[in-house]
Ligand code: DAH
């Protein structure tokens, strides 16, 4: 019987040594030391042994039991140690690795330019004005001397929402709105904002783009004020030696109306691809506020006069930074924006 115990012990010790989890160890403990284990079975038979035999057998059985318990404890401790080591290895942090770089955003070319333009005009005493993008026909056209059926409406294909409501086609309605609440007093405003036209998008057209509108009204405002203002503005945007020239044009809300060119800032006026060889680049529309516009807003057109101008912001951005497609300003391709940020 002692031999039987010996074989069982060897078997138990080898199984315990190769156990791979605490659960397995628990099962082995039950198998080898539990009430139904072979050891318990054998010990039950001790009653029928002689006192001498019982003594030696009992001692042996106890010794085996202790050996199994020790082996179980040793393996348990070993498995715990292995588990901690594995966890430490998997949760190891290499503090010497370089950190992840966060990319920082930058101002969009349009925003940057609008801020520059605003700063310039605020410095000249202008107030920034705003108006709604969903506008009444009344302000977008009628109060700007463009009554219903006027042929000049064809110049601006419009998105109508209702008969009398549309997406504004220009920032000029802010002129009408401002004059209406200004009680025949002097006005000096700049209004940047989005405008909408029913144009097909291509390299130079976008159904939504941005303009800024300038309006100055006072008792002694002349065309020279307009010229001086725009010349200073062009020099700020395109370089200190820029010249401007006025070309007669037509806008219903100004009389006389002009289109304004700036001397080419790339070739200085000699002629190059940017200015299409003629030394001048067309930048904006302007003029002296039409007396009808002043009168309709309750101004005394005999005593008060003003000038106004309207500029496409994308055009200024594209000229200033040599961008050849207006869509770059709206598709927000990160490669384009990064290139702009780097000043390339
Ligand atoms: N609103 C005009 C347009 O969108 C631009 C413009 C021209 C505005 C002359 C003015 C102006 O204030 O005086 O084409």
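Look at 299, 160 and count the other Cβ atoms within 10 Å of each Cβ; fewest to most, that gives 160, 299. Our analysis of the range 225-344 gives Rg over Rh at 1.07, with the two radii drawn from alpha carbon positions and Rh computed by the Kirkwood formula. Mean projection of the Cα convex hull over all viewing directions, computed for the range 209-258: 4.6 nm². Using C-alpha pairs below 8 Å separated by at least 6 residues, the relative contact order for the chain is 14 percent. Taking only the Cα atoms of the chain, the radius of gyration and Dmax are 44.7, 140 Å. May I ask for the percentage of alpha-carbon pairs in the range 280-336 that lie more than 19 Å from each other? Pairs farther apart than 19 Å: 52 percent. Annotation: peptides 325-337, 278-290, ranked by per-residue average of other Cβ atoms within 10 Å with the highest first, follow the order 278-290, 325-337.
Just so you know, the Rg over Rh for the range 93-145 is 1.39, from Cα atoms, with Rh as the Kirkwood radius.
Is the range 48-176 best put as rounded, prolate or oblate by its Cα gyration tensor, with a ≥ b ≥ c the root eigenvalues, rounded for a/c under 1.5, and otherwise prolate when a/b is larger than b/c, oblate when not? Prolate shape, in that a/c is at least 1.5 and a/b is the bigger ratio.
Projecting label points 7 angstrom from Cα along Cα→Cβ for residue 150 and residue 89 puts them 8.3 nm apart.
Compared with the dominant principal axis of the Cα atoms in the chain, helix 22-33 is inclined by about 10°.
When every Cα-Cα distance of the range 139-185 is counted in 10 angstrom steps from zero, the calculated P(r) takes the values 24, 56, 17, 3 percent. In the chain, helices alone account for a calculated mean residue ellipticity at 222 nm of -13000 deg cm²/dmol, with every DSSP H run of four or more residues adding -39,500 (n - 2.57).
Counting every other Cβ atom within 10 Å of each residue's Cβ, 2, 16, 42 order from fewest to most as 2, 42, 16.
Computed from Cα positions, the angle between helix 223-238 and the longest principal axis of the chain comes to roughly 30 degrees.
Share of Cα-Cα pairs in the range 2-90 beyond 16 Å, in percent? The answer is 56 percent, as a whole percent.
Bear in mind these aren't lab numbers, they're just calculated from the coordinates by the rules spelled out. Remember, it's a predicted structure, so these values are computed and weren't measured experimentally. Every residue, glycine as well, gets a Cβ built from its backbone with ideal geometry; the counts of neighbours run over all protein chains shown.
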